[in-house]
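The values are calculated or read from the model by the stated rules, or taken from the named source; none is laboratory data. All values reported here derive from a predicted model rather than from experimental measurement. Cβ sites come from the backbone with ideal geometry, for glycine too, and all protein chains shown count toward neighbours.
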Amino acid sequence: MAVIAMQKVQILGMKKDLPQILTTLQKKGVVQIVDVIGTENLKEIDPPDHKADYDIANIDFALTFLKNHATKRPIWAGKPTLTAESALGILNSFDYETVVKECQELEEKHNKNLNKFTSLENEETILEKWKNLPFELSTPKETETVRLFIGTLPTTEFETLRKELHNISNLSDVHRVSEDTTFSLVVVTISKNSIDEAKLVLGKCKFAEVELPKHDMSTAKRLETIEAEKTNIKADLEEQEKEFIRLAQDYENLQIVHDIFLWQQDEKHARELLRGTAYSFIITGWIPKDEKVKLEEALEKISSNIAIQAIEPEKDEETPILLRNRKAAWPFESVTRLYGLPMAHEVDPTPFLAGFFIVFFALCLTDAGYGLLLFVIMFAALKFFNLPHESKGLIKLLMWGGLVTMVAGVLFGGYFGLTPEQAPGFLVGEDGNFRFQLINATSGTGPLTFLILALVFGIVHVLFGKLLDGFWKIKQGQYLDAVLDSFLWVFFILSILGFGLSSSGMVIPADYANIFKWLTLGGVVAMILTQGRSQKSIIGKFGLGVLSLYGLVGYLGDVLSYSRLMALGLGTGIIAFAMNTIAGLAIDMIPYVGFIFAIIVLILGHTMNLVLSALGAFIHSARLQFVEFFGKFMEGGGTEFKPFRRQCKYIIIQ
Amino acid sequence: MFDSAIAVAIAGAAISVFLGGAGSAIGVGLAGLSGAGVISEKPELFGKVLLIQALPGTQGIYGFLGGLLILIQIGLLGGEPAALSLDTAWQLLYAALPVAVTGLFSGMYQGKVAAAGLQAVAKDPQNVGKAVIMAAMVETYAVLGLLITVLLVFSIKI
């Protein structure tokens, strides 16, 4: 339960064993391979070919191509899950190259058909209008004496055109093929003798020539053949649809093979980091200290000519960070990761934030009904959905969050925002209040009690962070810093709190006020004397010491920030109450069918409230960890440990 | 006198709802503009984009909550309106101001932070958690506004 200690190692061996060693390393997934440093005289290992890249690109194409035809896996089934052995077996038995090739051919054919179909449809729309054209489509547009114009003009201009052309030459003819209120389609025949004048008239009448497709048949006949061709293509497309479905049966196999090539690609990238001589090689990498022996044993089985030796990291080289937590705290790593990883010398905050996080989450909801819902939904998701390991953390977190929310809801009397009068009898005690209710957050002094509770949690959380800082410093051997920067602050804040409480006679009897006063004054003096110790000059030491007292304002701000717990907790309950009120109004105001509206309002309203409130609860509990808590003892910024392993995109390896 | 008291209290509820709502509308709108740009490039990020776009929406809910509490306190929601004095009504109106004004401004600025955060998510979807938290920093002040409004409305004797 901590940041795992890492060891930088060198693996030395013979080149002939390299493929087997890389396979073992990838299978174990415990070594992060990094650049070999300080070996200018060593050569790069021959880089393998780019077949994996090529295969991945091809399979990606096939996967996208077949996506819409693959049988959808039901949502609870998640990704295909299998063992590495059976995945490798599929790679050997499954002829993915043929499938990819067939996909490429099918795509070409399919696109050709689709394009043909579209162009036929376009032709059809044009010819549809020229159905009554009195001659074949391929009729030449001019002879020695005559020129033919085929085109459109505004219907209003038609008579003008006919008259004026007739005036020019009585050998001209205007034939109307069809018309509607705006445009007429016409065929104009003009003697070449008067063609220039005729062209002017055509221009005046806004005639636009149209280019018709050339065919040795009449328009009507061509339309028939188009219809026939379309039917053919449709049959073809249907045939290809079957082909699609047939190929899509291999969709899952393609996914599996894709991921295996992904491993090979990773192996290629890993090889690029290696160095070697003609016969030997060096791998440099990071390994968790406790995995080293196991890896040694595994590698010894391959060959006796392999050595793993621990080496010193370079100056300023960052140690990669691996967090490992016990089962109960593990889900909370998702909160830590949201912020970023701690540095190698810092403490893993996960186990320490877990309890606080879940209590804060619950306080932001404080509704037993919502808690139960959340718990049941997340429990069902875990039980019935095949989820990848990484997403399980968040789901588990929300599940336990739901459980604690239930407890908080019972203590605060929150049940879907119901008032005791509306709630079912078994929840309500004899005095008309909810059973087990300790605080009623919406009446009397309840809100204030809730607020004080939130602030007390804040004080505990902040001081805990400071104590954690102290103990971690002691562990690192920084005794002076631990006492002066951490414990002194805790002492100082506690004595101020004690002085405040005792002098106003709350919680602590007033008799103690005097003691706390001296403790506080002692704290002030100690702060002034010690907090500026890093400064060189006396004035600097003293000045910084006085200035450090200003840090109290920061702590005050930190603690007040926890008041959000109360605001969010109240908010959830009041919105739930509002939804119930609106549903009640629906029943009162709409005759007969009001209850239908009421049910809709209740379902939608409570779902929305649960989703938004849970999101808010998560975000704000996380923020309290990151800003108010982490700030006391860690900076973060560690880089993640990314071992060379079998990582998958589409499948889950057991 | 009695009627104008109710009117003043309603004005308080209205201010709370509409300033909070306006802040959220502006904020969600800003984030939405940025989000639409992100999903035009990477439609697969829709879920994450929607999450961040929804963040500046809480101020509207807080404002709604403030308004609703006032309506409940003066008995306008189902049942008889309380016999309200003009003084109490003004108290309720002033009590609505914290959530209303903090909601307006924090909604607007949270929208801007969310919009910028979406750009970070577009570059690397892993940034979504950090973008959410940064936007939530702005929301703090609306939460504090809500806190004071709720405490005030509860403590005003009707």
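Going by the conditions given, is A:THR181 hydroxyl-bearing (Ser, Thr, Tyr), over 60 Å from the mean Cα position of the chain (by Cα) and either farther than 28 Å from A:THR118 by Cβ or part of a strand (DSSP E or B) (or both)? It would help to see each step written out before you state the result.
On the way: hydroxyl-bearing (Ser, Thr, Tyr): yes; over 60 Å from the mean Cα position of the chain (by Cα): no; either farther than 28 Å from A:THR118 by Cβ or part of a strand (DSSP E or B) (or both): yes.
Answer is no for this residue.
Mind checking which helices (runs of 4 or more DSSP H) fall wholly inside segment A:464-556 and carry at least 3 residues that are of a type outside the set (A, V, I, L, M), touching a Gly at 6+ places or on another chain (Cβ under 7 Å) and more than 25 Å from A:ALA344 (Cβ to Cβ)? Please lay out each step first, then the result.
On the way: elements: A:488-503, A:513-530, A:538-548.
Where helices (runs of 4 or more DSSP H) fall fully within segment A:464-556 and carry at least 3 residues being of a type outside the set (A, V, I, L, M), touching a Gly at 6+ places or on another chain (Cβ under 7 Å) and more than 25 Å from A:ALA344 (Cβ to Cβ), they are A:488-503, A:538-548.
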Criterion violated by A:ARG564 - all others in (1) touching a residue at least 40 places away in the same chain (Cβ under 8 Å); (2) surrounded by fewer than 13 Cβ atoms within 10 Å (Cβ to Cβ) satisfied: (2)
Residue in segment A:386-407 that is surrounded by fewer than 18 Cβ atoms within 10 Å (Cβ to Cβ) and more than 27 Å from the chain's Cα centre (by Cα) present: yes
Matching option when the condition is within 11 Å of A:LEU372 (Cα to Cα), of a type outside the set (A, V, I, L, M), in contact with a Ser or Thr (Cβ under 6 Å, 6 or more places away or on another chain) and assigned by TED's automatic domain parsing to the domain that holds A:THR366, among A:GLY409, A:GLY401: A:GLY409
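Residue check: is A:GLU628 surrounded by fewer than 16 Cβ atoms within 10 Å (Cβ to Cβ) and either within 13 Å of chain B (Cβ to nearest Cβ) or under 30 Å from A:ARG324 (Cβ atoms) (or both)?
On the way: surrounded by fewer than 16 Cβ atoms within 10 Å (Cβ to Cβ): no; either within 13 Å of chain B (Cβ to nearest Cβ) or under 30 Å from A:ARG324 (Cβ atoms) (or both): yes.
In short, no.
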Subset of segment A:335-376 that is surrounded by 22 or more Cβ atoms within 10 Å (Cβ to Cβ) and in a loop (DSSP other than H, G, I, E, B) - its residue that is farthest from the other protein chains (Cβ to nearest Cβ): A:ASP348
Tabulated pairs, segment A:292-306, first of a type outside the set (Ser, Thr, Tyr), second assigned to a loop (DSSP other than H, G, I, E, B), C-beta under 9 angstrom, 6+ apart or interchain: A:LYS292/A:VAL30; A:LYS294/A:VAL30; A:LEU295/A:VAL30; A:LEU295/A:VAL31; A:GLU296/A:ILE306; A:LEU299/A:ILE306; A:GLU300/A:ILE306
Selection from segment B:105-127 of residues that are hydrophobic (A, V, I, L, M, F, W, C), surrounded by 20 or more Cβ atoms within 10 Å (Cβ to Cβ) and within 14 Å of chain A (Cβ to nearest Cβ): B:VAL113, B:ALA114, B:VAL121
Output for segment A:211-231, where each listed residue is surrounded by 14 or more Cβ atoms within 10 Å (Cβ to Cβ), among the polar types (S, T, N, Q) and either touching a helix residue (DSSP H, G or I) at 6+ places or on another chain (Cβ under 7 Å) or over 16 Å from A:ILE150 (Cβ atoms) (or both): A:THR219
Boolean, A:GLY569 is in a helix (DSSP H, G or I) and either away from every other protein chain (no Cβ under 14 Å) or closer than 27 Å to A:GLN625 by Cα (or both): yes
A:LEU165 outside any helix (DSSP H, G or I) and assigned by TED's automatic domain parsing to the domain that holds A:LYS192: no
Looking only at segment A:587-600, and only at residues there that are of a type outside the set (Val, Ile, Thr) and either more than 11 Å from every other protein chain (Cβ to nearest Cβ) or buried (at least 20 other Cβ atoms within 10 Å of the Cβ) (or both), the one that is farthest from B:TYR62 (Cα to Cα): A:TYR592
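From A:ILE33, A:ILE56, which residue is surrounded by 18 or more Cβ atoms within 10 Å (Cβ to Cβ) and part of a helix (DSSP H, G or I)?
Working: A:ILE33 fails: part of a helix (DSSP H, G or I).
Criteria check complete, one pass: A:ILE56.
Here is a check on your reading of the model: is A:THR336 more than 30 Å from A:THR442 (Cβ to Cβ) and touching a strand residue (DSSP E or B) at 6+ places or on another chain (Cβ under 6 Å)? So that I can check it myself, show each step before the final result.
On the way: more than 30 Å from A:THR442 (Cβ to Cβ): yes; touching a strand residue (DSSP E or B) at 6+ places or on another chain (Cβ under 6 Å): no.
No, not satisfied.
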Among (1) closer than 18 Å to A:SER548 by Cα; (2) under 41 Å from the mean Cα position of the chain (by Cα); (3) small (Gly, Ala, Ser), the one test that A:GLY465 misses: (1)
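Residue by residue, here is whether (1) surrounded by 20 or more Cβ atoms within 10 Å (Cβ to Cβ); (2) under 30 Å from A:ARG623 (Cα atoms); (3) not assigned by TED's automatic domain parsing to the domain that holds A:VAL627 holds:
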residue: A:ASP511; (1), (2), (3): no, no, yes
residue: A:ASN514; (1), (2), (3): no, no, yes
residue: A:ARG533; (1), (2), (3): no, no, yes
residue: A:LEU544; (1), (2), (3): no, yes, yes
residue: A:LEU547; (1), (2), (3): no, yes, yes
residue: A:GLY551; (1), (2), (3): no, yes, yes
residue: A:LEU568; (1), (2), (3): yes, yes, no
Criterion violated by B:LEU77 - all others in (1) crowded, with 17+ Cβ neighbours inside 10 Å; (2) assigned to a loop (DSSP other than H, G, I, E, B); (3) within 14 Å of chain A (Cβ to nearest Cβ) satisfied: (1)
Test: residue in segment B:15-24 that is part of a helix (DSSP H, G or I), within 14 Å of chain A (Cβ to nearest Cβ) and under 10 Å from B:LEU104 (Cβ atoms): yes
Residue list for segment B:132-147, restricted to those being more than 9 Å from chain A (Cβ to nearest Cβ), hydrophobic (A, V, I, L, M, F, W, C) and either surrounded by fewer than 22 Cβ atoms within 10 Å (Cβ to Cβ) or touching a strand residue (DSSP E or B) at 6+ places or on another chain (Cβ under 8 Å) (or both): B:MET134
Selection from segment B:26-36 of residues that are away from chain A (no Cβ under 14 Å) and touching a residue at least 60 places away in the same chain (Cβ under 8 Å): B:ILE26, B:GLY27, B:GLY29, B:LEU30, B:ALA31, B:LEU33, B:SER34, B:GLY35
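When you scan segment A:439-446, do you find a residue that is in contact with a Pro (Cβ under 8 Å, 6 or more places away or on another chain), at pLDDT 95 or above and either surrounded by 18 or more Cβ atoms within 10 Å (Cβ to Cβ) or not in a loop (DSSP other than H, G, I, E, B) (or both), even just one? Lay out the reasoning, then the answer.
If we filter segment A:439-446 for residues that are in contact with a Pro (Cβ under 8 Å, 6 or more places away or on another chain), which is where we start, we get A:441.
From the residues that got through so far, the ones that are at pLDDT 95 or above too are none.
Among the residues of segment A:439-446, not one is in contact with a Pro (Cβ under 8 Å, 6 or more places away or on another chain), at pLDDT 95 or above and either surrounded by 18 or more Cβ atoms within 10 Å (Cβ to Cβ) or not in a loop (DSSP other than H, G, I, E, B) (or both), which makes the answer no.
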Checklist (1) hydroxyl-bearing (Ser, Thr, Tyr); (2) under 20 Å from A:ASP558 (Cβ atoms); (3) within 14 Å of chain B (Cβ to nearest Cβ) applied to A:THR445, failing item: (2)
Filtered residues of segment B:19-38 (kept if crowded, with 18+ Cβ neighbours inside 10 Å and among the hydrophobic types (A, V, I, L, M, F, W, C)): B:LEU19, B:ALA22, B:ALA25, B:ILE26, B:VAL28, B:LEU30, B:ALA31, B:VAL38
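Are any residues in segment A:377-414 outside any helix (DSSP H, G or I), touching a helix residue (DSSP H, G or I) at 6+ places or on another chain (Cβ under 7 Å) and within 22 Å of A:GLY571 (Cα to Cα), and if so, which ones?
Taking segment A:377-414 as the starting set, the residues that turn out to be outside any helix (DSSP H, G or I) are A:385-388, A:413-414.
If we keep only those that are touching a helix residue (DSSP H, G or I) at 6+ places or on another chain (Cβ under 7 Å) too, we end up with A:385-387, A:414.
Hit for segment A:377-414 is A:GLY414, nothing else.
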Residue satisfying all of: in segment B:46-61; within 12 Å of chain A (Cβ to nearest Cβ) and hydrophobic (A, V, I, L, M, F, W, C); surrounded by the most Cβ atoms within 10 Å (Cβ to Cβ) among these: B:LEU55
